[in-house]
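Here the structure is laid out as structure tokens; the discussion comes afterwards.
The values are calculated or read from the model by the stated rules, or taken from the named source; none is laboratory data. Computed from a prediction, not measured in an experiment: that's the story for all the values here. Methodologically, a virtual Cβ is constructed for each residue, glycine included, from the backbone with ideal geometry; neighbour enumeration extends over all protein chains shown. All accessible areas refer to the heavy atoms of the entire protein, side chains included, with ligands and DNA or RNA removed. Shrake-Rupley method; radii C 1.70, N 1.55, O 1.52, S 1.80 Å.
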Amino acid sequence: LQDLRKNFSRKTLNALVICAGNSRQQFKPGVPGVQWKNGAMGNARWTGVPLSELLAAAGVKDGAFAVSFNGLDHPPFEKTPDFVKSLPIDRAMDGEVMVAYEMNGAPIPHDHGFPVRLVVPGWMATYWIKQVSQISVKSKPLDHFWMNPAYRVPREETPPYESFKSQERSDTKPVTEIAVNSLITYPVANQ
């Protein structure tokens, strides 16, 4: 953590994190999981290191296809797969994705991913791995439950990232970018 703070550039940005299941109870056709109505989202000011700098320092080689991330969490049940996700190499290297160590000017709270969390602006929270413990560069698609069959939506168009084309099927594609969405709220007195 000290190396991240001392040896790499510092980047700060505001970004929305939103669960892929936000408004899930309204999905047609229905999908399994917590049946969220509205919510499961938040906005914060994140500070950390651009992932592209960490990968450059590690010496990413030609032929890199994707970057996978694992956290310190453990599956709740013995048969549940470990939660590991990947980003296409072009998204990982775009300079926007960061390994954050601060949230709103303070160390990231435990519930939000202390000590470091992946921040992927514009993409669903499924990619925002908390408590990052491992970053691996892959030469082929990550063949893991949480990439396929989980976190997929009906295929309507080709994802913008070439390396995710290999994970498309005739009926579904990976959940990636946040769809434009609106939620009207009202302030609560004295809060």
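Tabulated values for the structure
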{"quantity": "Sum of side-chain charges, Lys11 neighbourhood, beta-carbon under 13 Å (Lys, Arg +1; Asp, Glu -1)", "calculated": "-1"}
{"quantity": "For Val84, solvent-accessible area (1.4 Å; no DNA, RNA or ligand), Å²", "calculated": "20 Å²"}
{"quantity": "Net length gained if the chain between Ala58 and Leu1 were fully extended (0.36 nm per residue, minus Cα distance)", "calculated": "18.9 nm"}
{"quantity": "Dipole of the chain, positive direction: furthest Cα of His110, Gly71, Tyr127, with charges on the beta-carbon", "calculated": "His110"}
{"quantity": "Accessible surface of the chain [probe 1.4 Å, protein heavy atoms]: carbon and sulfur percent", "calculated": "53 percent"}
{"quantity": "Listed residue (Asn7, Ala57, Thr176) projecting farthest to the positive dipole end of the chain, Cβ model", "calculated": "Thr176"}
{"quantity": "Most to least accessible of Glu102, Glu96 (protein chains only, probe 1.4 Å)", "calculated": "Glu96, Glu102"}
{"quantity": "Area of Met103 that stays accessible when all protein chains are in place (1.4 Å probe, Å², to 10)", "calculated": "30 Å²"}
{"quantity": "Set of the range 103-125 residues, backbone N closer than 17 Å to the point 7 Å along the Cα-Cβ line of Thr80", "calculated": "111-113"}
{"quantity": "Protection-proxy order for peptides 112-124, 140-152, each taking the mean of Cβ atoms within 10 Å per residue, highest first", "calculated": "112-124, 140-152"}
{"quantity": "Solvent exposure ordering (accessible area, 1.4 Å, most first) of Ile184, Ile178", "calculated": "Ile184, Ile178"}
{"quantity": "GNM flexibility winner over the chain from Ala125, Ala100, Ala179 (Cα, springs under 10 Å)", "calculated": "Ala179"}
{"quantity": "Environment charge at Ile135 (Cβ cut-off 14 Å; Lys +1, Arg +1, Asp -1, Glu -1)", "calculated": "+3"}
{"quantity": "Accessible area in square angstrom per residue, the chain, 1.4 angstrom probe", "calculated": "59 Å²"}
